[in-house]
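Report on the structure given below.
Every read-out reported here was derived from the displayed coordinates using simple, explicitly stated rules and does not represent laboratory data. Bear in mind the structure is a predicted one, so any value in this text is a computation, not a measurement.
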Amino acid sequence: MLNLKTLLPLIVITFIVVGGGFFVWQQGWLSGMLSLQTKKQLDIEQIKNTEIYSDNFKERVALVDGRYERRYPEGASELYVSIDSEKTIFGDLDNDGINEAASIAYWSGGGSGTWRELVILKNKDGYPIFVTSKDLGGGTIINSLTVDSGVITLDMNIHGPEDAMCCPTLKKVAQYKLVGTELVETKETSTPSITVTILSPNGEEVLELGKTYQINWSCSDVLAASFIARIYLLLNEQIPHGTIDGTPEAYNKIAGCPIEGGKLLWKVGEVERGTVSSGNRYRIKVDIFAVIDGKEQLVASDISDGYFSIAE
Ligand SMILES: [Ca+2]
């Protein structure tokens, strides 16, 4: 006959066995979840060995160790694709708590140069799946790729009107958000990169005090209204008359003007605050400012190659 005295140890043992089993099962489940969480994050090796698609080339390729190459029968390269592991970042672009990968891919083929594309890959059960790509242009230099709060920021040099294919100089910062399966550009700022060259006076000239002289300079990539030129007279490469209008400028300002012809008529010796005396160690300095969002940004500058003289 079983009574409470004999049943009690059995009940205790049953509790220990079942409870322990539950505990073990719970721990296993937890560690399983943890390993799933760990597995869920994409890594660079996966990105280097996945399929990507080029909207530009209309091709889908499977990368192996970050590369894909297809050759013509005679051996020449027909298509070469690589992924930039230095410019691959992981961040949550669609706010679901799981990181996507954003990477720069290089596509070249058919002698058309190398095209840059921003590639987005999603994490599907721990594996990268191509979502979309964005053409960033041929020969574009990607300075940096970052992601912050779901926004991708690309700092690039793109081609200005006179840039050689090799060497883009126009700075562009673009921002993209992943909306559904599309990359949407949210912000774009460009700092035009130009050069300015003083043509005259560029050294050795003798200018007569009080006479009118034409200062000439040339600019590359003149995009008209968004530029301002400021011309300064420089003596001994030092401050000839102190500061102007309370600003600690090292040069006497002759005038500011928009770039139209790259020339300025100057009554020799006159500066914004009075006149300078005769001498033989003068130079001209031209600063070119771009007006971006209402602010002036210095983009180019030049100084006369040599000294010129101002004579009585
Ligand atoms: Ca995500």
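Can you give the extra length, in nm with one decimal, that the chain gains between residue 74 and residue 181 once fully stretched, where that is 0.36 nm per residue apart less the Cα-Cα distance?
Once the chain is fully extended between residue 74 and residue 181, it gains 34.6 nm.
So between residue 220 and residue 311, what do we pick up on full extension, going 0.36 nm a residue minus the alpha carbon distance?
29.5 nm
Cross-link partners among lysines for residue 58, C-alpha distance below 24 Å, same-chain residues fewer than 8 apart left out?
48, 87, 122, 124, 134, 177
To make sure I understand the rule: partners must be lysines, Cα under 21 Å from the Cα of residue 211, and not fewer than 8 residues away in the same chain. Which ones qualify?
Within the straight-line limit of under 21 Å, residue 211 reaches these lysines: 253, 263, 267, 285.
Grab the Cα-Cα distance for residue 129 and residue 149, subtract it from 0.36 nm times how many residues apart they are, and report the gain in nm with one decimal.
Between residue 129 and residue 149, full extension yields an extra 5.1 nm.
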